[in-house]
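The values are calculated or read from the model by the stated rules, or taken from the named source; none is laboratory data. Remember, it's a predicted structure, so these values are computed and weren't measured experimentally. Here the Cβ positions follow ideal geometry from the backbone for every residue, glycine too, while neighbour counts run over all protein chains shown.
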Ligand code: NOJ
């Protein structure tokens, strides 16, 4: 049974495709990309210094995790001034230089917007907490104690413990979905909305091409603050937040209005993209495109991170997601980010190459995570060097291993810093670095670069339709095959998720030529009716003679 063909969607302007549909996004965690001042933490000048690398790699846009002024309780996801650069990362002038240098290289720049909560150190919160009569009291979420004098309801923090902290000054509790240092803003208050829209405009006017909006599904909470229901399937190894289903603390219907409001602000500046961070099952995720596509342009699709790494499971996921998308909704795919274990750590080095080919050949905007292109894996972080507050609150849940520095060359600290890096590097950093891998035809970096280049050269890959291919059951358990189709060209992608060799029948559409294999040396080979796949091999087939 072949899945139906899902056709490309016209771009935002109604004709052609928008840059954020045909392009690829590369996430930079600024603390870990490139340090230029020797403090062991990356900075904006470091990003600018590496733009040539990103242009060489062949990505189209960078999304930079937060660099706003912040006490860094959650490494920048606790913002104390939405319109300022933290001195740790540089200055506004450094940012202006970064964006103009990026644009000169035709790279778009996407910022991380953190509207759900500010830092406890934000002047708005200082004013809000000062008294119950404060003009900004209602900018945050204050409630009286519950009947027993404890927290107002059973909502928990995503980082462990209750989500409510009692403030001695006024005897009320404030709500924080994350750390107590990250009080949630009250998006039901129009003054908050207006202030946050102004922050968006501040950066839009400086030329940013869009925003990735942090925990966008959290912005509105239940008006009645009802208790969340117990999760009967909770397992003790899970983070505490899973004790309850988050029914009332997030994913409320009113959030779509809030997102539409942000989207309207962006649209006034032209073709800017709004990406929403959303961890929800597919049927809920797709509602974030909004009624009439007034919601997020790209509700982040983390399903590849959450689905077991098996051919059948991934094939079923892709078909389910494609089928669930609303008319005109543009798909997207993500393999990793600063909150999730590295893909190479999760599936192993050999399958990380399959993952790269999958990410860059599925229909929809791919987001790459810095370092995945050199195969960074799990970097053990000794307890005395642990940084992530979540890991300190709930041991085992720390995110340090996926945030380690980028590795550039065979030099002290792999060229990341002249100082002491804030997190350790991999043990093989003298070999696993950009300089060592860039001229190696078999390296994962070369594979990423070739995939990105092929994607640019073939509209079938960037914006073409997608069709799943049926395989005999024994093969389907281990191999995932699909086609991408555009402008009269059909490409076929065949991915071996197993470490055995397989022979795959190519019953129609041939003969074919291998355009790219995860295993070097096969490109250009002609294939007639049977495709032999090496263990852990993926190939992209195209018409012969190109
Ligand atoms: C999601 C971010 O990706 C994560 O790093 C952060 O800790 C939380 N939001 C809280 O802002």
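Mind checking whether some residue in region 477-484 is at pLDDT below 95 and within 23 Å of residue 463 (Cβ to Cβ)?
Scanning region 477-484, I find no residue that is at pLDDT below 95 and within 23 Å of residue 463 (Cβ to Cβ), so the answer is no.
For the list (1) touching a helix residue (DSSP H, G or I) at 6+ places or on another chain (Cβ under 9 Å); (2) farther than 25 Å from residue 213 by Cβ; (3) assigned to a helix (DSSP H, G or I); (4) free of Cβ contacts under 8 Å to residues at least 60 places away in the same chain, I need the number of the one condition that residue 357 fails.
Answer for residue 357: the failing condition is (4).
Just checking, how many residues over region 53-91 are assigned to a loop (DSSP other than H, G, I, E, B), within 15 Å of the ligand (Cβ to nearest atom), in contact with a helix residue (DSSP H, G or I) (Cβ under 7 Å, 6 or more places away or on another chain) and free of Cβ contacts under 8 Å to residues at least 60 places away in the same chain?
Matching residues across region 53-91 total 1.
Against the conditions (1) surrounded by fewer than 22 Cβ atoms within 10 Å (Cβ to Cβ); (2) in contact with a strand residue (DSSP E or B) (Cβ under 9 Å, 6 or more places away or on another chain); (3) closer than 21 Å to residue 211 by Cβ, where does residue 289 fall short? Just the number, please.
Against the list (1) surrounded by fewer than 22 Cβ atoms within 10 Å (Cβ to Cβ); (2) in contact with a strand residue (DSSP E or B) (Cβ under 9 Å, 6 or more places away or on another chain); (3) closer than 21 Å to residue 211 by Cβ, residue 289 comes up short only on (1).
Is it the case that some residue within region 339-362 is surrounded by 24 or more Cβ atoms within 10 Å (Cβ to Cβ), within 16 Å of the ligand (Cβ to nearest atom) and under 13 Å from the mean Cα position of the chain (by Cα)?
No, region 339-362 has no match at all.
Please work out which residue is nearest to the chain's Cα centre (by Cα), limiting yourself to region 100-110 and to residues that are surrounded by fewer than 21 Cβ atoms within 10 Å (Cβ to Cβ) and not in a loop (DSSP other than H, G, I, E, B).
Taking the candidates together, the pick is 103.
Out of region 111-146, which residues are more than 16 Å from the ligand (Cβ to nearest atom) and part of a helix (DSSP H, G or I)?
Result: 123, 124, 126, 127, 128, 129, 130, 137, 138, 139.
Just checking, which of 373, 322, 384 is closer than 21 Å to residue 30 by Cβ, more than 16 Å from the ligand (Cβ to nearest atom) and assigned to a helix (DSSP H, G or I)?
Only one candidate qualifies: 373.
Looking at 426, 420, 446, which one is modelled with pLDDT of 95 or more, loosely packed, with under 15 Cβ neighbours inside 10 Å and in contact with a helix residue (DSSP H, G or I) (Cβ under 9 Å, 6 or more places away or on another chain)?
Among 426, 420, 446, only 420 is modelled with pLDDT of 95 or more, loosely packed, with under 15 Cβ neighbours inside 10 Å and in contact with a helix residue (DSSP H, G or I) (Cβ under 9 Å, 6 or more places away or on another chain).
So which residues in region 444-465 are more than 24 Å from the chain's Cα centre (by Cα) and in contact (Cβ under 8 Å) with a residue 60 or more places away in the chain?
The answer is 458, and nothing else.
Give the number of residues within region 504-546 that are under 35 Å from the mean Cα position of the chain (by Cα) and not in a loop (DSSP other than H, G, I, E, B).
15
Which one is surrounded by the fewest Cβ atoms within 10 Å (Cβ to Cβ), of the residues in region 247-272 that are within 28 Å of residue 390 (Cβ to Cβ) and touching a helix residue (DSSP H, G or I) at 6+ places or on another chain (Cβ under 9 Å)?
By that ranking, first place goes to 252.
Kindly state which strands (runs of 3 or more DSSP E) lie completely within region 147-252 and contain at least 3 residues that are within 16 Å of the ligand (Cβ to nearest atom) and either free of Cβ contacts under 8 Å to residues at least 60 places away in the same chain or out of contact with any strand residue (DSSP E or B) (no Cβ under 6 Å at 6 or more places or on another chain) (or both).
Hits in region 147-252: none.
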